[in-house]
Ligand code: HPA
């Protein structure tokens, strides 16, 4: 699942069948610039992959169930491992622009506010009513990513992702709060998708590209152009890590 500015990662997929998500009934369209809305199905590093270029976001007006429908579909297709990527604002002051951060855990502020993709009747064939979220981000996959990054000379940070609904970037007080709460990075996606992936028993690796450092000093505004521009620097590093993990993954 490729986030803002990372769509080109799908170009390396071999023997690709490309499906426009517009042609799939009920698939949530992604309208944000930098998200192309295609599914690319083929082979990468010897593994069969489905790459989703761009995702739908809750702030676009879809229900959280619609936003996470692609993850349900992935499970129905027999997918066992899901790699999520996203662009995120760096809160941890030891991070810098264009760093990568393997997500160790999340704080899902949408969930605090009552927005859950598991809200409503539960179909037990899809997963349990009460889902345990401990260790949702697979330790072994993360360890593999760390090793691959190390060998490639990429400084892969690790940390907690705070998921907000957006589309506003954070206020000064919100940023101070997120920092105190233990978030290392903040973004507008991923956590709800991870919940659905875990509901379906899939293993999750998630990597944030730090597209901007948040403005704890309260002066420099964040803009989406910056997020997309940094995405271009991040994409090759992200690709190296994801390809390495795929290559070494024993499925
Ligand atoms: N805040 C929230 N979401 C983001 C940011 C940010 O600073 N950067 C990229 N996505």
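Any residue in region 164-177 that's under 11 Å from residue 91 (Cβ atoms): show its pairings with residues that are within 12 Å of the ligand (Cβ to nearest atom) at Cβ separation under 6 Å, as long as the two are six or more apart or on different chains.
Matching pairs, first to second residue: 175/214; 175/216.
Do we find a residue being farther than 17 Å from residue 155 by Cβ, assigned to a loop (DSSP other than H, G, I, E, B), touching a residue at least 60 places away in the same chain (Cβ under 8 Å) and over 13 Å from the mean Cα position of the chain (by Cα) anywhere in region 223-238? First the steps, then the outcome.
At the first step, the residues of region 223-238 found to be farther than 17 Å from residue 155 by Cβ are 223-229, 231-232.
Subset that is assigned to a loop (DSSP other than H, G, I, E, B): 223.
With touching a residue at least 60 places away in the same chain (Cβ under 8 Å) added as a condition, the list becomes none.
No, region 223-238 contains no residue that is farther than 17 Å from residue 155 by Cβ, assigned to a loop (DSSP other than H, G, I, E, B), touching a residue at least 60 places away in the same chain (Cβ under 8 Å) and over 13 Å from the mean Cα position of the chain (by Cα).
Find all pairs meeting these conditions: Cβ atoms under 6 angstrom apart; at least six residues apart or on different chains; first residue within region 72-97 and closer than 23 Å to residue 167 by Cβ; second residue surrounded by fewer than 19 Cβ atoms within 10 Å (Cβ to Cβ).
That search, which allows pairs on different chains as well, returns 91/179.
Test residue 206 against the criterion of being away from the ligand (no atom under 11 Å from the Cβ), in a strand (DSSP E or B) and within 15 Å of residue 137 (Cβ to Cβ), and give yes or no.
yes
It is to be established whether one or more residues within region 240-250 are farther than 25 Å from residue 127 by Cβ, within 11 Å of the ligand (Cβ to nearest atom) and out of contact with any strand residue (DSSP E or B) (no Cβ under 6 Å at 6 or more places or on another chain).
no
Go through region 192-210 and report how many residues are over 25 Å from residue 251 (Cβ atoms) and surrounded by fewer than 24 Cβ atoms within 10 Å (Cβ to Cβ).
0
With region 1-71 as the region, which strands (runs of 3 or more DSSP E) entirely inside it contain at least 3 residues that are more than 17 Å from the chain's Cα centre (by Cα) and more than 21 Å from residue 192 (Cβ to Cβ)? Let's see the steps before the verdict.
Details: elements: 14-20, 38-44, 47-53.
Passing ranges, in order: 14-20, 38-44.
Looking only at residues in region 211-220 that are outside any strand (DSSP E or B) and near the ligand (Cβ under 10 Å from one of its atoms), which one is surrounded by the most Cβ atoms within 10 Å (Cβ to Cβ)? Break it down into steps so the answer makes sense when it comes.
Keep residues of region 211-220 that are outside any strand (DSSP E or B), which gives 214-220.
From what is left, the residues that are near the ligand (Cβ under 10 Å from one of its atoms) are 214-215.
Working: 214: 25, 215: 15.
So, considering only residues that are outside any strand (DSSP E or B) and near the ligand (Cβ under 10 Å from one of its atoms), the one surrounded by the most Cβ atoms within 10 Å (Cβ to Cβ) is 214.
Taking region 177-203 only, how many residues are within 14 Å of the ligand (Cβ to nearest atom) and farther than 18 Å from residue 57 by Cβ? Let's see the steps before the verdict.
The initial filter retains those residues of region 177-203 that are within 14 Å of the ligand (Cβ to nearest atom), namely 177-179, 183-191.
Within this subset, residues satisfying the condition of being farther than 18 Å from residue 57 by Cβ are 177-179, 183-184.
Number satisfying all stated conditions: 5.
Quick one: is residue 127 more than 20 Å from residue 207 (Cα to Cα), touching a residue at least 40 places away in the same chain (Cβ under 8 Å) and more than 14 Å from the ligand (Cβ to nearest atom)? Steps first, please.
Values: more than 20 Å from residue 207 (Cα to Cα): yes; touching a residue at least 40 places away in the same chain (Cβ under 8 Å): yes; more than 14 Å from the ligand (Cβ to nearest atom): yes.
Considered against the rule, which asks whether it is more than 20 Å from residue 207 (Cα to Cα), touching a residue at least 40 places away in the same chain (Cβ under 8 Å) and more than 14 Å from the ligand (Cβ to nearest atom), residue 127 comes out as yes.
Filtering region 82-97 down to residues that are within 13 Å of the chain's Cα centre (by Cα) and away from the ligand (no atom under 16 Å from the Cβ), which residue is surrounded by the most Cβ atoms within 10 Å (Cβ to Cβ)?
Looking at residues that are within 13 Å of the chain's Cα centre (by Cα) and away from the ligand (no atom under 16 Å from the Cβ), I get 82.
Considering each residue of region 185-203, count those that are in contact with a helix residue (DSSP H, G or I) (Cβ under 7 Å, 6 or more places away or on another chain) and either more than 18 Å from residue 116 (Cα to Cα) or not in a helix (DSSP H, G or I) (or both), and give that number.
5
Restricting to region 158-176, what's the tally of residues that are more than 12 Å from the ligand (Cβ to nearest atom) and surrounded by fewer than 20 Cβ atoms within 10 Å (Cβ to Cβ)?
Filtering region 158-176 for residues more than 12 Å from the ligand (Cβ to nearest atom) gives 158-160, 172-173, 176.
Those left that are additionally surrounded by fewer than 20 Cβ atoms within 10 Å (Cβ to Cβ): 158, 172-173, 176.
Adding up the residues that qualify gives 4.
Computed from the coordinates by the stated procedures, all read-outs in this text should not be read as laboratory data. Just so we're clear, the structure is a prediction, and the values are computed from it rather than from any experiment. Ideal geometry is used to build each Cβ from the backbone, glycine not excepted, and the neighbour counts take in all protein chains shown.
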